[in-house]
Amino acid sequence: MISAYRTFFSDGYGGLKQSVANLKERVAQSLGETVSLGIQRTIGANATLVEFWKQFLAVPAAPDLAFDADVRPVLVALREAATALVEAKAASLLEPCNLTPTLQASLDRCAALSKQVAAYNGFVANTNVSVEAKKTSTSAGNAQAARDTLTTMKARKARFDSPSKDNCVRYAEQQTHKKALEAEKERAKKSLDEFGTTVCVEYQQRINELLDRFHAGFRICNTNRSYIGGTASTSYQIEINNVAVELGDDKTPISSHSFRNTLSSGDRSTLAFAFFVAQVERDPRLNEKVVVFDDPFTSQDRSRRSCTQQIINRLASQAKQVIVLSHDAAFLRDVWDGDYTQDVKTLQFVRLRDSTVMSEWNIEDETMGEYHRMHSLLSLYYNEGRGERRHVAQTIRPFLEHWLKFKFPGQVKDSEMLGTFLSSVRDADQSDPLAAAKTILEDLEDINGYSKKYHHAFNPQASSEPIDDTELQGFVKRTLHTTV
């Protein structure tokens with residue numbers, strides 16, 4: 001046992017074990033896939049070169065040597081047999097290792113393959129000699145230049161043969177036609193540029209005029225044309241406080257200034273309305289057109305309603321017909337009162353069971369004419385400076401009283417005047433409905449103090465009380481804004 005123990009753990013035994021392990025690695029490296037792939041690439045590359053050089057010299061047929069049919073099976077079988085023998089030796093290091101029949105058969109096949117490889121290598125060597133000789137004999141000339149010349153000559157010859165000849169004629173004709181189209185396109189583009197320059201300037205000017213009338217705090221600027229995608233289009237910027245803001249798009253970060261985060265919904269509606277009006281006004285056949293406004297006052301600030309109404313009324317005198325659809329009866333009454341054509345009809349949609357019909361609508365019966373008349377008078381003065389100033393000044397107070405009756409139904413008596421109402425508001429506690437008016441109490445007191453100077457009930461000299469136009473403008477503005 002001691003002798004066997006010493007034998008098992010001796011340096012010789014350890015060296016033998018390492019040698020067997022190294023032998024297995026050598027078998028894997030010598031007969032592995034890397035070697036096989038190298039042989040496969042070499043045979044394939046040689047076949048390609050043979051086909052190329054057959055154009056310039058006589059190359060005999062290559063000996064049979066197929067990688068998949070001849071080389072690969074022999075290498076795989078030899079590797080597997082050798083690996084099996086090495087693994088058997090590793091399992092019993094102290095036992096003698098004999099050549100197995102499988103390994104012997106693999107070695108015999110390898111010897112036969114070696115003869116095929118030798119014949120193939122001889123063919124490759126002889127072919128290389130012939131190739132080098134050909135290269136030497138033609139080294140004085142430029143083979144690439146000769147090939148290029150030959151290709152050019154063949155192309156020229158083919159040009160005068162059908163169908164190439166006919167195609168060349170058609171090509172020349174198309175080239176001439178293309179140049180004519182390009183010249184025509186350039187003339188059209190120049191004409192479009194000139195027209196666009198004029199139109200864009202006029203549009204920008206008119207749109208900004210409309211925005212000024214709406215008292216918008218912005219305008220459009222830097223109107224430009226582009227032909228991206230072959231289609232003429234126009235771009236512009238929004239100018240706010242003398243700072244130009246890009247329109248942007250859905251991909252513009254919300255943190256960057258753009259159309260969607262610098263204008264309110266009311267401003268965007270106002271801008272869209274101004275664009276539409278400017279377009280309609282330029283229509284040379286406007287007198288033949290029917291213009292439809294569908295809720296033109298939606299999303300706009302109430303301070304802009306008078307301008308909207310006045311624009312619609314002017315277009316009504318120019319177009320063949322103007323149709324205004326709205327849910328706002330008060331706005332429709334403004335349009336009715338401001339009509340310049342005296343040819344206006346009011347209709348309404350009436351629901352009857354499961355259907356809806358259109359019928360006549362008596363707008364005067366369903367809207368309080370006096371209130372809207374006064375509102376229109378104040379708006380025309382504030383926006384256009386129209387109206388007799390003393391009449392305007394005397395209208396402020398009754399207009400506010402009418403508005404308060406609408407705003408606080410049942411809280412203001414028909415005979416109650418503005419001063420009495422203000423006293424009730426001052427004394428109202430939090431449970432009183434009139435307490436809501438305390439937010440506008442200061443404005444109401446200021447407006448009342450100004451307007452009563454022009455009523456004989458408070459001032460015997462009301463008919464001669466001087467009126468400053470700037471002061472009147474300011475109080476009319478506060479009145480309209482307070483009653484929004």
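The numbers here are math on the coordinates, done by the rules we state, and not lab data. Note that the structure is predicted; figures quoted are calculated from it, not measured. Neighbour counts run over all protein chains shown; Cβ positions are idealised from the backbone, glycine included.
Along the range 57-66 the Karplus relation, 6.51 cos²θ - 1.76 cosθ + 1.60 evaluated at θ = phi - 60°, assigns HN-Hα couplings of 7, 7, 10, x, 5, 6, x, 5, 7, 9 Hz to successive residues, with x for each Gly and Pro. Distance between the modelled labels on Asn459 and Glu132, one decimal in nanometres: 12.2 nm (7 Å Cα→Cβ projection). Take each peptide in 241-253, 468-480, count the other Cβ atoms within 10 Å of every residue, and average; sorted highest first, the result is 468-480, 241-253.
Kindly provide the helix-only [θ] at 222 nm of the chain, computed as the sum of -39,500 (n - 2.57) over DSSP H runs of four or more divided by all residues, to the nearest 500 deg cm²/dmol?
On the way: 17 runs with 289 residues, N = 484.
After summing the helix terms and dividing by residue count, I get -20000 deg cm²/dmol.
Here the relative contact order of the range 369-482, from alpha carbon pairs under 8 Å that lie six or more residues apart, stands at 29 percent.
Multiplying the residue separation of Ser256 and Asp294 by 0.36 nm and removing their Cα-Cα distance gives an extension gain of 10.4 nm. The calculated FRET efficiency for the pair Glu33 and Thr198, based on their C-beta separation and a Förster distance of 60 Å, comes to about 0.20. Relative contact order for the chain: 7 percent, from Cα pairs under 8 Å spaced at least 6 residues apart, divided by residue count. In the range 218-338, Cα pairs under 8 Å separated by at least six residues give a relative contact order of 17 percent. With θ taken as phi - 60° and the Karplus curve 6.51 cos²θ - 1.76 cosθ + 1.60 applied, the whole-hertz 3J(HN,Hα) list for the range 88-101 is 5, 5, 5, 6, 9, 5, 8, 8, x, 10, 9, 5, 7, x Hz, x standing for glycine and proline. The stretch between Asp429 and Ala84 holds 113.6 nm of extra length on full extension. This uses 0.36 nm per residue minus the Cα-Cα distance. Extension gain for Leu16 to Arg225 (0.36 nm times residue separation, less C-alpha to C-alpha distance): 66.5 nm. Between Ile323 and Asn241, the distance separating the two model label sites (each 7 Å from Cα on the Cα→Cβ line) works out to 4.4 nm. Placing a pseudo-label 7 Å from each Cα along the Cα-to-Cβ vector at Lys345 and Asp468 gives an inter-label distance of 5.2 nm. When you count the other C-beta atoms within 10 angstrom of each residue and take the mean per peptide, 308-319, 81-92, 28-39 line up highest first as 308-319, 81-92, 28-39. Note on the range 11-137: Lys pairs 8 or more places apart or on different chains, Cα atoms under 28 Å apart, count 6.
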